[in-house]
Amino acid sequence: MGISSLNLLRISFPPTDHLMNDFQTHTLYIAKREVDLLPLRRTITKTGKLRDAVILLRDLQPEESSLLLRVKHVAIDFTTDFAGDPGVVPGARFVAKIPLMHPIRDGEHMFLPADKLLVFPYSACWLQNREFMCNNCISALACDVEKYVTHQRTPCLRQLVYGKQLNGGLQDYIRVPLPAHSLVKVPELVSVHDCCFLFDVALPFLSYCVDVMFAGLEINLQSLPDLPERILIILNDVKREANDCLLVIRHLQLDHSIFTFTDPRLLAKPQTKERFRDKFRHVLVFTSDKEILESAVQFAARNVSKDGAKKLTIGIFRDISSEITCPNYCMFHKINLSYKDKFLMEDLLMTLAALNGGTRSPVSPTQQDITIQHGKSALRKKDGHTISTLPTSDMSKLSITEIRSSNSSTTRSSSQSTEIKNNEDQQSDEILSNSSTSAPKHTSWLHCDKDFRLCLDDNCVHDVTSLCHQTATINEMIRSGCSWKRVFYTHRLACHVKLNAFIF
């Protein structure tokens, strides 16, 4: 595939001590030097900090079978993203656009200038055109690379991930090989916030459902039966991460009543641990706390299968610092995302698009509440039968938590606009749906800790308390031990003027 060259734009500014008039805001500001607008990449140093480096012009030249992209948005986890190899650009979750005014074709795939393109962070040897590929990638190329089962059976052994082994999204431009296989188009109605944050809980949860809970079954999502066993999901924070799981439950059309949500704060209460003991068929652990994992083993129902034909499963979604002994009555499953999950990601985005568009997604959810009550089990009626839901919180009558952030023209973080619906009789389909007549252009369902601009404008105030950040600001947050896991950066060259070009 031949990629058209980037049309280079040269802009000349007067000396920096000359005041310029912004004809839109009618304010004076000092123009930036041309060198300050050179495209940058922010690499990790040996000390774990970031260092600015200029992207050379030769790195922006067209290459065969690759596509040059302008990074627009990047999501950062301050607890894990800066632990990559020195010299690597961090940022695994990012959305970009093609920096051209005309469409680009790669085989049967067409990329338009207006398309929001997610670079799927989990790559493979064959995608990166490695000279020496692993055996699994060689086997994958001999099969149909457009099928999920191909990459499920032969995952890349090198586990190449953007922001870890490959340069990630904290740079202004990135070159992506084989764009038809590396990129995911973000639907117009889906927030770029949600698109990036799906990798934290929702996509691993869906991957576990497909590969473990439904393993060996012929899955037909249109008529998927309700699972008979109870499932416990241990999150870092129920209020912030419940919507991630609810999206997957809706997508798979599962019965909400079999799921129980909890977190370390709730598990710290002795009565909670006692109620959960020997109650669950599947326990999913989204924390890295060793004690939580040890408790998860106790929550597994040992008598669920006396003949041992069906073992209990403990899903581990985070790295645990020390080893845990697995009892013989259960089985540990460590969930690591890989390229196969790109297909699941595309399905989730379709469900989100249908949700935001006010239309029923191809997989309609069950009309069943999750109810959290204190001190006793909550009862709900479904199809004429009474069912019981284990208590998971000390908050009385808290139904499905809805965290939404809306803006008619641009997406804001979920932390800026939070709504918690406490109507016990509200059905989940009503909570997780928008009217097509009143729905905003973008709606964010997943929690966001903070929203910032990553700009090169020296006229802005760059510190941890402002909305504009530079590399030095990020380094200051790293030094202070920032624990935010979902920080969303939008790349901006200048905030005082409408400037959308670099100087070459």
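Structure notes:
- Some residue of the stretch 127-149 being out of contact with any helix residue (DSSP H, G or I) (no Cβ under 6 Å at 6 or more places or on another chain), crowded, with 16+ Cβ neighbours inside 10 Å and under 30 Å from residue 233 (Cβ atoms): no
- Every listed requirement among (1) part of a helix (DSSP H, G or I); (2) modelled with pLDDT of 95 or more is met by residue 222 save one, (2).
- Among the residues of the stretch 316-345, those identified as under 19 Å from residue 233 (Cα atoms) and without any contact (Cβ under 8 Å) to a residue 40 or more places away in the chain are 316, 318, 319, 320, 324, 326, 330, 331, 332, 334.
- Any hit, the stretch 331-345, residues being surrounded by 16 or more Cβ atoms within 10 Å (Cβ to Cβ), modelled with pLDDT of 90 or more and small (Gly, Ala, Ser): yes
- Test result for residue 175, part of a strand (DSSP E or B) and more than 22 Å from residue 487 (Cα to Cα): yes
- Considering (1) crowded, with 19+ Cβ neighbours inside 10 Å; (2) in the same structural domain as residue 61 (by TED's automatic domain parsing), the lone condition that residue 108 does not fulfil carries the number (1).
- Scan of the stretch 452-492 for residues that are among the acidic types (Asp, Glu) and farther than 26 Å from residue 174 by Cα, ordered by number: 463
- Selection of the stretch 258-297 for residues being among the polar types (S, T, N, Q) and farther than 20 Å from residue 229 by Cα yields 271, 287, 288.
- Residue 199 under 30 Å from residue 449 (Cβ atoms), assigned to a loop (DSSP other than H, G, I, E, B) and at pLDDT 95 or above: yes
- Residue match in the stretch 156-168 (condition: in contact with a Cys (Cβ under 6 Å, 6 or more places away or on another chain), at pLDDT 95 or above, crowded, with 16+ Cβ neighbours inside 10 Å and more than 14 Å from residue 66 (Cβ to Cβ)): yes
- Subset of the stretch 297-313 that is within 13 Å of residue 333 (Cα to Cα) and surrounded by 18 or more Cβ atoms within 10 Å (Cβ to Cβ) - its residue that is modelled with the lowest pLDDT: 312
The values are calculated or read from the model by the stated rules, or taken from the named source; none is laboratory data. If you're wondering where the values come from, they're calculated on a predicted model, not measured in any experiment. Counting neighbours? That spans all protein chains shown, and the Cβs are built from the backbone with ideal geometry, glycine included.
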